[in-house]
1. Yes or no: LEU211 among the hydrophobic types (A, V, I, L, M, F, W, C) and surrounded by fewer than 17 Cβ atoms within 10 Å (Cβ to Cβ)?
2. When you scan segment 84-153 for strands (runs of 3 or more DSSP E) that lie fully inside it, which ones turn up with 2 or more residues that are buried (at least 19 other Cβ atoms within 10 Å of the Cβ)?
3. Being assigned by TED's automatic domain parsing to the domain that holds LYS131, closer than 27 Å to MET112 by Cα, in contact with a Phe, Trp or Tyr (Cβ under 7 Å, 6 or more places away or on another chain) and at pLDDT 95 or above is the requirement here; does ILE71 meet it?
4. May I ask you to verify whether ASP198 is more than 20 Å from PHE117 (Cα to Cα) and either of a type in the set (Asp, Glu) or surrounded by 21 or more Cβ atoms within 10 Å (Cβ to Cβ) (or both)?
5. Looking at GLU221, GLU183, GLU241 in this structure, which one is assigned by TED's automatic domain parsing to the domain that holds LEU280 and over 30 Å from GLU141 (Cα atoms)?
6. Would you please name the residue that is nearest to PHE57 (Cα to Cα), looking only at residues in segment 175-215 that are in a strand (DSSP E or B) and among the aliphatic types (A, V, I, L, M)?
7. Output the number of residues of segment 211-231 satisfying the condition of being closer than 17 Å to TYR268 by Cα and out of contact with any Pro (no Cβ under 7 Å at 6 or more places or on another chain).
8. Pull out all pairs, ordered by first then second residue, where Cβ-Cβ is under 7 Å, the residues are six or more apart or on different chains, the first lies in segment 37-63 and is closer than 13 Å to SER73 by Cβ and of a type outside the set (Phe, Trp, Tyr), and the second is outside any loop (DSSP other than H, G, I, E, B) and modelled with pLDDT under 95.
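The values are calculated or read from the model by the stated rules, or taken from the named source; none is laboratory data. These numbers come from a predicted model, not from an experiment. In this analysis, Cβ positions are derived from the backbone assuming ideal geometry, glycine residues included, and neighbour counts consider all displayed protein chains.
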Amino acid sequence: MRLSDLGEFGLIDRIRKQVKGLSAGVVGIGDDAAVVPLSSGKYLLLTTDMLVEGVHFTLAMPARGIGHKAIASSVSDIAAMGGVPKYAVVSLAVPPSLPCPVVSQMYQGMIMAARKFGVEIVGGDTVKGQKVIINVALTGEVKKNEVVYRHGARAGDRIFVTGPLGRSLKSGRHLRFVPRVLESQYLVKRHKPTAMIDISDGLVADLGHILAESRVGAVIEGRAVPRRREASLKEALYDGEDFELLFTLSPSKAKGLEKHNKSPFRVYRIGEIVSEGEGLQMRTTGGLKRLKIKGYTHF
């Protein structure tokens, strides 16, 4: 079997089964970040993201934007767990022929993003490579009563997203998106989502992760899915690289959010969690349509 046969998430599942013997209190592979004990009232969050030239960016793109994305994508993972980002280490592989100003601009983008979201870059590594690869490892903190996982959704919960979706790559937004840290903090402190994830692989794919971990199904209202300007419904469902938060709330919490929402941001209710046997469906003018759970994968 080749990796192309197994698929990205098949590989992750296989690795997840191999990694055993986690110490008490550790939540490992299977969420946006690992969760380990920090203090009597807090957890430490750990996440890492790798950007590869030719896969996540090209050198024709703005170098500062590439640097911004490197930090911001990891910050988004911390936000998806209900946490705040803290410290980052950056590893960089570069070909010796790469002009120095390109590297400087990438780091400038990383530094600016780090400052904006309260992250301190405290170290890293540099090596020679055939192409540019940036890896960011980031820590965060979350109060124990505010951490949110993918596995908490229950039938009857309402499904929300924090912003319009689709055409992120085509519009260049994937190099300048804003991780939803403020939105996350508002939600966990006032409404406590039952499950949450950031949308990096596409709405359907990432909702699929929540459904698999929570062992539930969902019905999406096609007309309710918010779309970025000129984006089709298909693009909003499958494009990815949006980095909006996708979360679920109990019916009472959802009612409170929609009725008394005085936050500086808007949320969009797009559907409801149902029983596992119903799978993932979308309601359109023609009725219910079963959706295949797919999105961007590396293999």
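1. No, not satisfied.
2. Of the strands (runs of 3 or more DSSP E) lying wholly inside segment 84-153, those with at least 2 residues that are buried (at least 19 other Cβ atoms within 10 Å of the Cβ) span 84-94, 133-143.
3. no
4. no
5. Unique residue meeting the criteria: GLU221.
6. ILE197
7. Qualifying residue count, segment 211-231: 10.
8. LEU51/PHE57
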